[in-house]
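The values are calculated or read from the model by the stated rules, or taken from the named source; none is laboratory data. Please read all numbers here as calculations on a predicted model, not as lab measurements. Counting neighbours? That spans all protein chains shown, and the Cβs are built from the backbone with ideal geometry, glycine included. SASA here: full protein model, heavy atoms, side chains in, ligands and nucleic acids out. Shrake-Rupley method; radii C 1.70, N 1.55, O 1.52, S 1.80 Å.
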Amino acid sequence: GFSEEAKESFQYAVEIWESILKTDVKIRVQATWEPLGTGVLGSAGAATYLRNFENAPKPDTWYPVALAEKIAGTDLNETTDFDIIASFNSEFSNWYLGTDGQAVSQFDLVTVVLHELGHGLGFISGEAFDDTNNTARWDLQETGFPMIFTTYLEDQNGNNILEVENNSETLADFLTSNNVFVNNDLVVQNNGSPAKVFSPSPYDAGSSISHWNEATFNNTENALMTPSVAP
């Protein structure tokens, strides 16, 4: 469904990721250009999640398929299966479709594609939040096992999310504390300390926990995975 110009922007973003990622396994992306509703520019996620595959660094932990295949060094799904499913809003009227980063008062499609593919590659948590009961879960789809991204989440005192009672109000409070951080060696190496994630109150479905904190990282070189994009 992509126009030729939109397709060129999408491919340009793909090639940026391709220049950075190191994997021997091809990452297959299904992308559609379709109506997504007011205020939604795009979305993406892993086509499936895998655990306890060969060489998995953490047992009983869900990995997005593209990451799992990189670690395993081989395809773990069918070679005709997609690893990332993405869609972008064809009805949005203010796209900038150039590839020079010179958007003025428009929204840069290359930037949005880069962001969404980041989610598909694994920058996403698997928690569930129940507004009715003010409870939350840290396991993916009530499987009892967390996503790999989730395992690195902690509060300002260094308490890991997996130490918090699952399916509880305490976990709901944790996720809406505005004090949740990703703590692993690479993040600390690049950020100097654990990096703050977006965890507002009330919980913001689709944005909470799966993005860097807007106030911390907006207008910095690490702003790509914040929850909001500006023209």
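Quick notes on this structure:
- CD proxy at 222 nm, helix term only [per DSSP H run n ≥ 4: -39500 (n - 2.57); per residue of the chain; nearest 500]: -7000 deg cm²/dmol
- Placing unit charges on the Cβ atoms of the charged side chains and taking the dipole of segment 82-231 about its Cα centre, the candidate lying farthest along the positive direction among Gly101, Ala86, Ala128 is Gly101.
- Theoretical gain in end-to-end length, Asp60 to Ala205 [0.36 nm per residue, Cα-Cα removed]: 49.7 nm
- Given +1 at the Cβ of Lys and Arg, -1 at the Cβ of Asp and Glu and no other charges, the dipole of the chain around its Cα centre is 300 debye to the nearest 20.
- Sequence-distant contacts, meaning Cα pairs under 8 Å at least 6 residues apart, place the relative contact order of the chain at 16 percent.
- Sparse-neighbour loop sites [chymotrypsin sites (Phe, Trp or Tyr not before Pro); segment 1-92; at most 15 other C-beta within 10 Å; DSSP]: Phe53
- For segment 1-66, GluC sites (Glu not before Pro) are listed when DSSP marks them as loop and at most 14 other Cβ atoms sit within 10 Å of their Cβ; the list is Glu54.
- Size of electric dipole in segment 1-76: Cβ of Lys, Arg +1 and of Asp, Glu -1, about Cα centre, debye, nearest 20: 300
- Residues of segment 108-131 with amide N under 19 Å of the 7 Å Cα→Cβ point at Glu8: 108-114
- Point-charge dipole on Cβ atoms (K/R +1, D/E -1) for segment 39-129, about Cα centre, debye to 20: 200
- Taking all Cα pairs closer than 8 Å and separated by 6 or more residues, the relative contact order of segment 60-182 comes to 21 percent.
- Full-stretch length increase - Leu21, Ser105 - with 0.36 nm per residue and alpha-carbon distance subtracted: 27.2 nm
- The lysines within cross-link reach of Lys70, meaning a Cα-to-Cα straight distance under 21 Å and a gap of 8 or more places when in the same chain, are Lys22, Lys26, Lys58.
- Beta bridges per DSSP with both ends in the chain, % antiparallel, nearest 5: 70
- HN-Hα J in Hz across segment 80-92 - Karplus 6.51, -1.76, 1.60, θ = phi - 60°, x for Gly and Pro: 9, 7, 7, 9, 10, 10, 9, 8, 9, 7, 6, 8, 5
- Computed with a 1.4 Å probe over protein heavy atoms only, the accessible surface of the chain comes to 52 Å² per residue.
- Compactness relative to 2.2 N^0.38 Å, alpha carbon Rg of the chain: 1.02
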